[in-house]
Amino acid sequence: MTVEQLMTRAVKVCTEADTLNRAAQLMWENDCGCIPVISANSDGRLVGIVTDRDIAMAAYTQGKQLWAIPVGMVMAHNVFACHVNEGISQAEALMRDKRIRRLPVLDQNDRLVGILSINDVAREAQREAALGKRAEVTAQGVSETLASICQPQTARALTVAA
């Protein structure tokens, strides 16, 4: 089974110049926890990703309204992605290794065509188990991936301004 078979195709995106308010609005309207960020020029190249947590932490640490913070200031620039023709087990291993819940999916020209989430993988494991067929995606594998993703991050020092 390939990533293309499970990914969500209708992915909402924003650009680096959009505000966090726009990204939050897209997340709210589309019931998702992250928005891929594409370049503002016509090539549509994936340049980052912003999550609901990124938005919350930026609002907290910067003390600004969401409409005053550009996506480009808080997005993750080092984005882990997979390709449409990769196997699900390969994508799941990347999620496990990098401790991420969602992977942007790229085509052969490295253009964004979808997103694969741990939720997609879990639903497939349940579907395959219900059908009683030899499962490529198993509940055990999903459980191991989720456990790895949910490992606590190392403690981060917080600097509080006096």
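Here are some notes:
- Selection from the range 16-29 of residues that are touching a helix residue (DSSP H, G or I) at 6+ places or on another chain (Cβ under 8 Å), of a type outside the set (A, V, I, L, M) and modelled with pLDDT of 95 or more: 18, 19, 21, 22
- Filter result for residue 134 (modelled with pLDDT of 75 or more and either in a loop (DSSP other than H, G, I, E, B) or more than 15 Å from the chain's Cα centre (by Cα) (or both)): no
- Residue 55 vs. criteria under 18 Å from the mean Cα position of the chain (by Cα), at pLDDT 95 or above and under 16 Å from residue 26 (Cα atoms): yes
- Scanning the range 71-82 for residues that are surrounded by fewer than 17 Cβ atoms within 10 Å (Cβ to Cβ) and touching a helix residue (DSSP H, G or I) at 6+ places or on another chain (Cβ under 9 Å) returns 73, 76, 80.
- Residues (outside any loop (DSSP other than H, G, I, E, B) and either modelled with pLDDT of 80 or more or among the hydroxyl-bearing types (Ser, Thr, Tyr) (or both)) located in the range 137-152: 143, 145, 148
- Tally of residues being of a type in the set (S, T, N, Q), surrounded by 17 or more Cβ atoms within 10 Å (Cβ to Cβ) and not in a strand (DSSP E or B) across the range 83-125: 0
The values are calculated or read from the model by the stated rules, or taken from the named source; none is laboratory data. Because the structure is a prediction, the values reported are computed rather than measured. Here the Cβ is made from the backbone with ideal geometry for all residues, glycine too, and neighbour counts use every protein chain on show.
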